[in-house]
Amino acid sequence: TYVAAKFRNKYITSNQLTLSIATYYYNIDIRNGSVESGTRIVEYAQNARINVFGDKVYFTMYTWPPSDTMAFLCSMDLMFSRVDTLAKHVHRDGAVQPSISLEPPSFWVRPDGDTIAVYVLRGYSGPNQSWYEVHALNLSEKTEDGYEKLWIQDSFPHDDNCNVAAEPIFYRDSLLIFPGQGAVYGISLATGDLVYSTPIPEDLLTTDFI
């Protein structure tokens, strides 16, 4: 079972429209237009993108004033009563401070019932210096240090031609498939290992992004 993230700031489920506008979040009853709940996240929410899974909204958050080297992955219940930080990322590369961004997670319910969140961390350190990481968290296992980190896959090419998609494909509880710009990557869901990296022949490419 899986749910994929979308490049959007709204999500409809159970007759509710969950909507993010800048730092504001609303739940609207689509049957009559009434606002069921709303809140404002004081911290900076640049290019807010959300995903809804179960009874929670998942979103990315940036500090105010905005920092190019710090980003958070957060969740809150559908009534917007409590915000939970799932992951915090701070990146510095020597004298260079890369710009980083996060995508809302996609979800995989393992055969044992645990819910796994998979998300993409993107970074940019200069011309042709883009890099990507795929992270997996077990949302069913939380300790004092946060949610259980299952694995990180960071062996993608560090250049602008990689461009790993934010929305992966889950295949038979075994593989996580990421289309890229000019290649397709297969990652083991269990270990995070890169199973294959298949270049797409140039004569088959019809657009910059497949």
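For the stretch 78-111, what are the residues that are modelled with pLDDT under 85, part of a strand (DSSP E or B) and more than 22 Å from Asp145 (Cα to Cα)?
Asp93, Val96, Ser99, Ile100, Ser101
Are any residues in the stretch 13-29 open to solvent by 20 Å² or more (accessible area, probe 1.4 Å), touching a Leu at 6+ places or on another chain (Cβ under 9 Å) and of a type in the set (S, T, N, Q), and if so, which ones?
If the condition is that a residue be open to solvent by 20 Å² or more (accessible area, probe 1.4 Å), touching a Leu at 6+ places or on another chain (Cβ under 9 Å) and of a type in the set (S, T, N, Q), then Thr13, Ser14, Gln16 are the ones that fit.
Take Pro65 and decide whether it is farther than 24 Å from Thr18 by Cβ, at pLDDT below 80 and open to solvent by 20 Å² or more (accessible area, probe 1.4 Å).
Details: farther than 24 Å from Thr18 by Cβ: yes; at pLDDT below 80: yes; open to solvent by 20 Å² or more (accessible area, probe 1.4 Å): yes.
The answer is yes for Pro65.
Suppose we keep only residues that are aromatic (Phe, Trp, Tyr) and modelled with pLDDT under 90 within the stretch 144-203. Which one would you say is nearest to the chain's Cα centre (by Cα)?
Among those that are aromatic (Phe, Trp, Tyr) and modelled with pLDDT under 90, it is Phe178.
Among the residues of the stretch 112-127, are any open to solvent by 50 Å² or more (accessible area, probe 1.4 Å), within 29 Å of Tyr196 (Cβ to Cβ) and at pLDDT 80 or above?
Yes, the stretch 112-127 contains a residue that is open to solvent by 50 Å² or more (accessible area, probe 1.4 Å), within 29 Å of Tyr196 (Cβ to Cβ) and at pLDDT 80 or above.
Do you know which residues across the stretch 182-195 are touching a Leu at 6+ places or on another chain (Cβ under 9 Å) and open to solvent by 60 Å² or more (accessible area, probe 1.4 Å)?
Looking only at the stretch 182-195, we keep the residues that are touching a Leu at 6+ places or on another chain (Cβ under 9 Å), and these are 182, 185-192, 195.
Ala190, Thr191, Val195, listed by residue number.
Could you check the stretch 129-142 and list, in sequence order, the residues that are open to solvent by 50 Å² or more (accessible area, probe 1.4 Å) and at pLDDT below 80? Walk me through it before giving the result.
Within the stretch 129-142, the first condition is being open to solvent by 50 Å² or more (accessible area, probe 1.4 Å), and the residues that meet it are 129, 140-142.
Within the stretch 129-142, just Gln129 meets the criteria.
The values are calculated or read from the model by the stated rules, or taken from the named source; none is laboratory data. Here the structure is a predicted model, which means the values were calculated and not measured. Virtual Cβ from ideal backbone geometry, glycine too; neighbours counted across all protein chains shown. Keep in mind that these areas ignore ligands, DNA and RNA; they rest on the heavy atoms of the full protein, side chains included. Shrake-Rupley method; radii C 1.70, N 1.55, O 1.52, S 1.80 Å.
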